[in-house]
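Worksheet for the structure shown next.
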Amino acid sequence: MWTFHPILKTTIWGGEKIAKYAGISTSLHNIGEDWILSDVEGSESVVDEGPDQGKKLSQLMRHYGPELLGDCNYKRFGHHFPLLIKIIDAAQDLSVQVHPDDELARKRGYSNGKTEMWYVIGADKDARLANGFLKPVDPSKYEELVESGEIVDVMNFNTIHPGEAYFIPAGRVHAIGKGAFVAEIQQTSDVTYRLYDYHRKDKDGKERELHTALAFDAINFNDTDGKAVEFTPIDNFPVQMVDSPYFTTDLLKLSGKTTRDYSELDSFVVLIGIEGTASVKSGNQTVELTPGRAVLLASTETKITLTPKGNVTMLETYIKS
């Protein structure tokens, strides 16, 4: 069982919520993302306590291999941890973007594409997310829509509320809007194609690069299925929100001590703190799970005990074999 140091990313659209939310002392401002679990080269998570303190996630993968990932996941992913988990604070609108699927990404020299999900932690008044199109879009109108900025007029914007979840398969055009504060679970990939960025300029007065042509082949122009995921929370019981080949994610809302049995699961498990504090006990080891923190459990840790201090919300994510 491992916990990790945060990896803070300042961005042109970032805000001031993340450090306070996650209890991080920093002089940084405009923090748009906290990568709480990452095996992306150059931004690898580092263990913050215990016997493996100071080791990178990639080192854990090489040392523990199938014990960490599970046998089937190890055969599928080798020594590469398959998920990237972030907290995102959008003080301004993020760009309209799309991610390639595995097939297209590999054709272009990447290891895999990016399917992801959002869990809404917080939302300012009228905050919204765009997830897919309102109706199918004619691909021949694509360049015109992007150049004019009218791409935002054909997208499916949802006013968001804390506790909602959204699934974003590769190929779906999407955007995180101003005032959204979300947890993001995704395939380990940093491949993003920007379609439109509101003519925003960076500190040097230049507009950020767009990827209009590269994005075209990635887009599913018929994707109109971007509604919030339907689920009903149940106290002290896992409720599945997303089930995909890339990850399965459950919601856990706890008010009392709860045991989780993973003996039938051939996978690692990641617990993501959303609200409140809980102790996580596996064998003789106990760690604290707090908001904005992740706990990684090896596939060999088949039974854990969760003890909340008051009411606690966490996410539980893994990859089924």
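The values are calculated or read from the model by the stated rules, or taken from the named source; none is laboratory data. Predicted model only: the values in this text are computed from it and were never measured. In this analysis, Cβ positions are derived from the backbone assuming ideal geometry, glycine residues included, and neighbour counts consider all displayed protein chains. Surface accessibility is based on the protein's heavy atoms, side chains included, excluding ligands, DNA and RNA. Shrake-Rupley method; radii C 1.70, N 1.55, O 1.52, S 1.80 Å.
Annotations
- Within the stretch 58-73, residues that are without any contact (Cβ under 8 Å) to a residue 24 or more places away in the chain and among the aliphatic types (A, V, I, L, M) sit with their Cβ atoms under 6 Å from residues that are crowded, with 18+ Cβ neighbours inside 10 Å and not in a helix (DSSP H, G or I), at 6+ positions apart or across chains, in these pairs: Met61/Phe81.
- Residue list for the stretch 69-95, restricted to those being open to solvent by less than 30 Å² (accessible area, probe 1.4 Å) and either of a type in the set (Lys, Arg) or over 17 Å from the mean Cα position of the chain (by Cα) (or both): Leu69, Gly70, Asn73, Gly78, Lys86
- Within the stretch 105-114, the set of residues being open to solvent by 30 Å² or more (accessible area, probe 1.4 Å) and over 14 Å from Val40 (Cβ atoms) comprises Arg106, Lys107, Arg108, Gly109.
- Among the residues of the stretch 87-123, those identified as in contact with a strand residue (DSSP E or B) (Cβ under 8 Å, 6 or more places away or on another chain) and in a loop (DSSP other than H, G, I, E, B) are Ala91, Gln92, Asp93, Leu94, Ser95, His99, Pro100, Asn112, Gly113, Lys114, Thr115.
- Positions within the stretch 1-40 being under 25 Å from His79 (Cα atoms) and either part of a helix (DSSP H, G or I) or open to solvent by 70 Å² or more (accessible area, probe 1.4 Å) (or both), in sequence order: His5
- Some residue of the stretch 51-60 being part of a strand (DSSP E or B) and either surrounded by 21 or more Cβ atoms within 10 Å (Cβ to Cβ) or in contact with a Ser or Thr (Cβ under 9 Å, 6 or more places away or on another chain) (or both): yes
- Scope the stretch 258-297; condition assigned to a strand (DSSP E or B), closer than 19 Å to Ser38 by Cα and of a type outside the set (Val, Ile, Thr); matching residues: Leu271, Gly273, Leu289, Ala294, Leu296, Leu297
- Filter result (open to solvent by 10 Å² or more (accessible area, probe 1.4 Å), polar (S, T, N, Q) and under 26 Å from the mean Cα position of the chain (by Cα)) within the stretch 121-156: Asn156
- The stretch 194-212, subset in contact with a strand residue (DSSP E or B) (Cβ under 9 Å, 6 or more places away or on another chain) and open to solvent by 80 Å² or more (accessible area, probe 1.4 Å), residue modelled with the lowest pLDDT: Lys203
- Any hit, the stretch 232-246, residues being aliphatic (A, V, I, L, M) and open to solvent by 40 Å² or more (accessible area, probe 1.4 Å): yes
- Residue within the stretch 280-291 that is open to solvent by 10 Å² or more (accessible area, probe 1.4 Å) and within 26 Å of His161 (Cβ to Cβ) present: yes
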